[in-house]
């Protein structure tokens, strides 16, 4: 593959969780084109597994979709340098109230590689102990446990469409359930 060169990157808008840039790129045929780029600090997600082997999920309203979604607990890094394991533990406690005895990295994903660098490290949390939710002031989260089979059915019935959640559930099933 021939080399593609970025000639410039111009900040168009800085938001609270993303920065939107316009990149000027030279492609192999010599043409100069404009590409969108969204910079994100990254995020962490967690697959909490209770003593019965059920996965603890959160239901919350997502403005981009104008509806509630069923997801694994997740959230953005406070800084790009924040260890994702710390962020996963924080989000688990904030959104579900649970604390984990053990966190293990399951998989890392890039959510939208065509125009965004958001990377999410997804952990499995075990040895859960219940506690109090500590939600952000703009969050309302309902917490419920499901079997892996129930969640896989929800994926294929198109009831779960969130990419990190689909990746988390299917990777967890492959690594821990289908052994």
Each label sits 7 Å from Cα toward the beta-carbon; between residue 50 and residue 20 the label points are separated, in nm, by 4.1
Quick numbers on the chain, Rg and Dmax over C-alpha atoms in Å, give 18.4, 59
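Nearest 500 deg cm²/dmol is fine: what mean residue ellipticity at 222 nm does the chain get from its DSSP H runs of n ≥ 4 alone, each adding -39,500 (n - 2.57), divided by its residue count? Write out the running numbers ahead of the final one.
Values: 3 runs with 32 residues, N = 179.
That calculation yields -5500 deg cm²/dmol at 222 nm.
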Nearest 10, in degrees from 0 to 90: the angle of helix 163-172 to the longest Cα principal axis of the chain is 50
Listed residues 54, 157, 67; largest mean-square fluctuation, Gaussian network over the chain with Cα springs below 10 Å, found at 67
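What length, rounded to one decimal in nm, is gained on full extension from residue 33 through to residue 63, with 0.36 nm per residue of separation minus their alpha-carbon distance?
Numbers: separation 30, 0.36 × 30 = 10.80 nm, distance 3.16 nm.
Roughly 7.6 nm would be gained on extension.
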Tilt, helix 84-96 to longest principal axis of the chain (alpha-carbon atoms), in degrees rounded to tens, equals 50
Short to long, in 10 Å steps from zero, the percent of alpha-carbon pairs of the range 20-120 per bin is 13, 35, 29, 13, 7, 2
log10 I(q)/I(0) for the range 83-157, Debye formula on C-alpha points only (no solvent), q = 0.24 Å⁻¹, two decimals, reads -1.22
Simple SL model, points at 7 angstrom along Cα→Cβ for residue 11 and residue 108; separation in nm is 2.5
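At a 10 angstrom cut-off on C-beta neighbours, averaged per residue, how do the peptides 96-106, 137-147, 7-17 rank from highest to lowest?
Going from most to least packed, we get 96-106, 137-147, 7-17.
With a 10 Å radius around each residue's Cβ, average the other Cβ atoms per peptide and rank 121-131, 85-95, highest first. Display every interim value, and only then the final one.
Details: 121-131: 18.1, 85-95: 20.9.
Packing proxy ranking, top to bottom: 85-95, 121-131.
All of the numbers you see were taken from the coordinates with simple rules; none came from a lab. Not measured: the values here are computed from a predicted model. Every residue, glycine as well, gets a Cβ built from its backbone with ideal geometry; the counts of neighbours run over all protein chains shown.
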